[in-house]
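Structure, as structure tokens:
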Amino acid sequence: MTTLQEFELVLRQLPPGAATILRELLRNPLAPQASARLLDLVRLMLGGAAGGGLGANWELLRRALVLLARLGGLAPRTLLPVIGTIEAELAAAAAAGSGGAGAGGAGAGGAAAGAGGAVALGTVLAILAAVLAVAFAFWSIGSEVMKEIELPQDGQPCALDTAAGVAMAMNERKLYARGVGQKTALQRAIDRAVSACSEDAAQCGGGECREGSTCRPVASITSVDLKWRLFWTTAHITYTCPCACLPNE
């Protein structure tokens, strides 16, 4: 899947208004110093102030912004502070909400001093969560913007002489991997699939290949399911291990 294809896939899952804004940004990139304007646009796409109406759209929008940066529609130095700000506001709102709940419980029990302590603790947690969210966003987004997927090797089918080699091309296998960002998780899953296939090299037997190449199993990815969370992605893949003629190493 190319970056542009993934970008369009994410846009189809966002509200039409947000998708329109992102496509326009791809056609007419923002200036590198336009972080303030981008932050306003992000809040507009989210339908209100951060923390008030983000819902499930934030993870998708976050991914779309990273892809947009990779496609040249945004400069990383424009994107990073915006995502850091939104992540910090979300974390602060969540921590403040937890603190508020604790304060309410203390008040119900008649301990006013305890309630005040819970509020203070909630404030400290909110500030700490905000700082950590900003730092994490800078690190994770910065590493993801320029990351590309390295696909498994491909080659011509071997002239197989074993039933096991034929079966490997038909039998589907499944695995999953987690990582910070969609690309990282998917690359880890692909790498594990490649490793798993290589362990069954003996199943290809003495499959015939042209001079300079050897019959070896390759990972053929048949399906990908990516599940987003706040700080990580889980990539579930289905794959087979057909035998193919690959150049000698």
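Details
- The local environment of Ala18, defined by Cβ-Cβ distances under 15 Å, has a net charge of +1 under the rule Lys, Arg +1 and Asp, Glu -1.
- Here the Kirkwood formula puts the hydrodynamic radius of region 156-247 at 13.8 Å, using every distinct Cα pair.
- Karplus (6.51, -1.76, 1.60) ³J(HN,Hα), θ = phi - 60°, over region 196-213, in Hz, Gly and Pro reported as x: 5, 5, 4, 5, 9, 4, 5, 5, 7, x, x, x, 7, 9, 5, 4, x, 9
- Other-chain or far-sequence residues with amide H under 5 Å of Leu74's (modelled H): Ala69
- Karplus (6.51, -1.76, 1.60) ³J(HN,Hα), θ = phi - 60°, over region 35-40, in Hz, Gly and Pro reported as x: 4, 4, 5, 5, 4, 4
- Length added when fully stretched, His236-Arg77, from 0.36 nm per residue minus Cα-Cα: 54.1 nm
Read-outs: derived from the displayed coordinates by stated rules, not from any lab. Here the structure is a predicted model, which means the values were calculated and not measured. No Cβ is skipped: glycine too gets one built from the backbone with ideal geometry, and neighbour counts run over all protein chains shown.
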